[in-house]
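Notes for the one structure printed next.
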Amino acid sequence: MKKVFDLFFKKHKASEVRKSDFAFVFFLRCLAVLVILIFASLIYYLWDGSSAILKHSGWGFFLGREWDPNSDQFGALPFIYGTLLTSVVALVIAAPIAISAAILLTEIAVQKIAKPFGFLIEMLAAIPSVVYGLWGIFVLAPFVRDYIQPFLGKYFSFLPFFKGPPFGIGIFTAGLILAIMILPTITAVCREVFLAIPTSLREGVLALGSTRWEMIKTAVVEAGFSGILAAIALGFGRAMGETMAVTMLIGNRPDISLSLFSPGATMASVIANESPEATSNLHVSSLAAIGFALFLVSLGVSGLARLITKITKRRFAK
Amino acid sequence: MIRSLILTAVLFVSATSQAAVTINGSGSTFAEPIYTRWFSDFQKKNPGAQFNYQGVGSGAGIKQLIEGTVDFAGSDDPMKAEDAAKAKETVLHVPIAMGAVVVSYNAPITGTLQLDGKTIADMFSGKITKWNDAAIAKLNPKLKLPDLAIVVATRSDGSGTTAVFSEYLSKVSPEWVGKNGKTVKWFTGSLGAKGNAGVAGLIKQNPGTVGYVELVYAKENNLPYATVQNKDGKFIEATNASVSAAAEGIKKEAVESNFKISITDSAHKGAYPISSFTWMLVFEKMPKEKGTEIVKFSTWALSEEAQKIAGSINYSPVPKEIRAEALKAIAKIKLQ
């Protein structure tokens, strides 16, 4: 490792290293610089692209509720709201299932069951987004419209979240499909976290006379709590950026409504929908600004997740 | 064996390199099938050039034309003045084919639904909420209309289809004036889906849904669509003939506007009111090598033969007198 490091960062005379090594290192250096350049150009493009709209309406752009490209009115709030709402719905549904699944896989199920079950959950991550979208349109949305939404509307209509006619298409269904999509992410991370918890901790808790349930509660869930948070943050990040399946199911209406049954729009979906046909400068710039915001938020969330995992690891190392 | 392989490879390379000129176009997804079809037919006669077309959307096509990354653009919407000002040369709008937007629905109605402009505008503004609304019943005295809520499906992506449809609404309903365009602010509670396929999916999946799709798409997917009352007072079904009729009798206006003419809500007899041209956008001054091929192709596209091919895949042919004028304009293209 140190040798590679030296090769990379220290200056050499050509005679010190073999020529082929030198070429290899040079190649690696170029690649490393390329990655940085791509990243920098991405940030530059997003920043430069969004400057027009930020000059036009300032930071109020992110608080504007009106989105009407024909009259040059651009406000990003409905998309930010839609992104957050769908992601939260997805987390509320997916997190308990994913954490339970991870507990099942690491603590309860025997290998014979845990292996294929874990494999199946991981397979969920391999399905392309657009396939989820298609399945959503033809299977999930009609099912939600005919069974789930009427049920929620009938028994929980006192809550503002379950009001309005059941379309099948809307924030609720988009959140549901997101939940399925982030399930493998959260499960996989939680499983790693639980496996990282030393067995001695579990044995200790059991030896003190606790039941299996109490052992899972204290030695697994509570001990791995920050890891679970990191898994949730990762899932949240994935849900926010998800585009295709959401675009196909959310109904694409830039409105702010408390009801989960109503159609909405997300930051990713509006970019996918409108960028090919956006011609006016302000319109293109608004989409770039939304992209920039999405980029920053995703970066922040995944950074947060990394930070949490780092802290957890340090705690266990002690 | 190896020798023969090399020989084939050499032959292949020389065969492809014969097509020295490559012409790239992009734009309207609506027009993509007709360009693809025309290119394959045209290249059989004229192997000197290789034509490519990418259906990236009218807006993106226009942008690429302005930037000079493509040699021509396909658009269902005439170029705006601000875009035209950005282009390095004047852009000629060649009307190469016609299309229509139909109001398609999923409702248990036996028989053909008849609608007029105002009713369509009210449905797509969220004012008419039931299929058995008095306004619809009045237009369809013979039909039994269900007591079913209307769900409105629209395009969520910016599209020429939306531009044509909303432009029609702006002509038949005072409330829609100035609100038309490729992306429209639809009323709260209406659903949006990406592409014709997305809207068709919503219509198929949800009983009670009404939406607008291109005629080609409705026909290929066997979706029912309403006949629409035109200015003449007749209920017209969208067919190749009735769409073409919408461009009859407008020769003078077409020439005066350089073919950038709207033909929605046409006053011509038998005309389907939600019709439009799809244009091939080319520069009026072009470099000789590429320009020659583009002129050759667009001239051929306006021929009787090419228009017949268009008709066979559900595009409506451009009326003869308009084509004659367009050919005159093409003949004026300067090659340098």
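When a/c reaches 1.5 or more, the comparison of a/b and b/c decides; with that in mind, is the range A:40-103 rounded, prolate or oblate per its Cα gyration tensor? Don't skip to the answer; put the middle values down first.
Numbers: a/c = 4.29, a/b = 1.96, b/c = 2.19.
Note, shape of the range A:40-103 comes out oblate.
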For the pair B:LYS252/B:ALA331, report the inter-label distance in nm, with labels modelled 7 Å from Cα in the Cβ direction. 2.3 nm
Ranking B:ASN140, B:LEU115, B:ALA87 by how far each Cα lies towards the positive end of the charge dipole of chain B (+1 on Lys and Arg Cβ, -1 on Asp and Glu Cβ), the top one is B:ALA87
Taking only Cα atoms of the range A:163-217, what ratio of Rg to Rh do you get with Rh as the Kirkwood inverse-distance radius? 1.32
Let's test this: bin the Cα-Cα distances of the range B:220-336 at 5 Å from zero up to the farthest pair and state each bin's percent. 2, 11, 19, 20, 18, 13, 8, 5, 3, 1, 0
Other residues with Cβ under 15 Å from the Cβ of B:TYR53 give, with Lys and Arg +1 and Asp and Glu -1, a net charge of -3
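If you average 1/r across every pair of different Cα atoms in chain B and take the reciprocal, what Kirkwood value do you get, in Å? Kindly include the intermediate steps, with their values, before the conclusion.
Working: mean 1/r = 0.0475 Å⁻¹.
Here the Kirkwood hydrodynamic radius works out to 21.0 Å.
Sort the following peptides by mean Cβ neighbour count (other Cβ atoms within 10 Å, averaged over residues), highest first: B:323-329, B:264-270. Before the final figure, lay out the partial values.
Numbers: B:323-329: 16.7, B:264-270: 18.6.
My ranking of the peptides, most packed first, is B:264-270, B:323-329.
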Could you work out how far apart the two model spin labels at A:TYR147 and A:GLU192 are, taking each label as a point 7 Å from the Cα in the direction of the beta carbon, and quote it in nm? 3.5 nm
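Out of the GluC sites (Glu not before Pro) in the range A:64-150, which ones are loop residues according to DSSP with at most 16 other C-beta atoms within 10 Å?
Values: sites: A:GLU66, A:GLU107, A:GLU122; in loops: A:GLU66.
Taking the range A:64-150 and a limit of 16 other Cβ atoms within 10 Å, the loop GluC sites (Glu not before Pro) found are A:GLU66.
Grab the beta carbon distance between A:ARG65 and B:THR36, set R0 = 51 Å, and tell me the FRET efficiency rounded to 0.05. Numbers along the way, then the final one.
On the way: r = 42 Å, r/R0 = 0.83.
FRET efficiency, A:ARG65 to B:THR36: 0.75.
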Taking just the C-alpha trace of chain A, give me its Rg and Dmax in Å. 24.0, 80
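What's the local net charge at B:LYS86, with K and R +1, D and E -1, over the other residues with C-beta under 15 Å away?
Working: positive: B:LYS63, B:LYS80, B:LYS88; negative: B:GLU67, B:GLU82, B:ASP83, B:GLU89.
Neighbourhood net charge equals -1.
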Can you classify the range A:17-126 as rounded, prolate or oblate using the Cα gyration tensor, where a ≥ b ≥ c are the square roots of its eigenvalues, rounded means a/c under 1.5, and otherwise it's prolate if a/b beats b/c and oblate if not? oblate
Quick calc of log₁₀ I(q)/I(0), the range B:101-239, Debye, one scatterer on every Cα, no solvent, q values 0.11 1/Å, result -0.34
Directionally averaged projected area (convex hull, Cα atoms, the range B:271-336), nm²: 4.9 nm²
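Averaged across the residues of A:278-288, what count of C-beta atoms belonging to other chains lies within 10 Å of each residue's C-beta?
Values: counts 7, 16, 5, 1, 0, 4, 2, 0, 0, 0, 0.
Across A:278-288, the average partner-chain Cβ count within 10 Å equals 3.
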Residue by residue through B:185-198, how many Cβ atoms from other chains fall within 10 Å of the Cβ on average? 6
DSSP-loop chymotrypsin sites (Phe, Trp or Tyr not before Pro) across the range B:37-113, with at most 10 other Cβ within 10 angstrom: none
When you look at the Cβ of every residue in B:59-66, what mean number of other chain Cβ atoms sits within 10 Å? 3
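Work out how much length A:LYS154 to A:SER100 would gain on full extension: take 0.36 nm times their residue separation and subtract the Cα-Cα distance, in nm to one decimal. Working shown, then result.
Working: separation 54, 0.36 × 54 = 19.44 nm, distance 2.88 nm.
Full extension from A:LYS154 to A:SER100 adds 16.6 nm.
Kyte-Doolittle cut-off 0.0, length cut-off 27 Å along the helix's own axis using Cα: show which whole DSSP H helices in chain A pass.
Working: long enough: A:19-57 (57 Å, 1.29); A:77-103 (38 Å, 2.07); A:171-196 (36 Å, 1.97); A:281-317 (53 Å, 0.98).
What comes out of the filter, once short or polar helices are dropped, is A:19-57, A:77-103, A:171-196, A:281-317.
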Amide H contacts of A:ASP68 (H built 1.01 Å from N, under 5 Å, at least 5 apart or other chain): A:GLN73, A:PHE74, A:GLY75
Using a 7 Å offset from the Cα along the Cα-to-Cβ direction at both B:LYS80 and B:TRP300, what is the distance between the two label points in nm, to one decimal? 3.6 nm
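Between A:ASP72 and A:ARG314, how high is the FRET efficiency from 1/(1 + (r/R0)^6) when r is the Cβ-Cβ distance and R₀ = 56 Å? Nearest 0.05.
Numbers: r = 51 Å, r/R0 = 0.92.
FRET efficiency, A:ASP72 to A:ARG314: 0.65.
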Please identify the GluC sites (Glu not before Pro) of the range B:226-272 that satisfy two criteria: DSSP loop assignment and at most 16 other Cβ atoms within 10 Å. Which are they? B:GLU237
Report the dimensions of the range A:173-266 along its three principal axes from the alpha-carbon atoms, largest first, rounded to Å. 57, 22, 17
Count charges around B:THR292 for me, please; just the other residues with Cβ under 14 Å from its Cβ, Lys/Arg as +1, Asp/Glu as -1. +2
Less than 25 Å apart at the alpha-carbon level, and either on another chain or at least 8 residues along: which lysines does that give for B:LYS86? A:LYS55, B:LYS63, B:LYS179, B:LYS182, B:LYS260, B:LYS285, B:LYS288, B:LYS290, B:LYS332, B:LYS334
Sites B:ASN24 and A:LEU208 - FRET efficiency at Förster radius 56 Å, r taken between beta-carbons, to 0.05: 0.15
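What shape does the protein assembly as shown take by its C-alpha gyration tensor, where a ≥ b ≥ c are the square roots of the eigenvalues and a/c under 1.5 counts as rounded, a/b above b/c as prolate, and the rest as oblate? Spell out each step's value before the answer.
Working: a/c = 2.26, a/b = 1.36, b/c = 1.67.
Note, shape of the protein assembly as shown comes out oblate.
Throughout, read-outs are computed from the coordinates displayed, never taken from laboratory work. Every value quoted in this text rests on a predicted model; they were computed, and no experiment measured them. Counting neighbours? That spans all protein chains shown, and the Cβs are built from the backbone with ideal geometry, glycine included.
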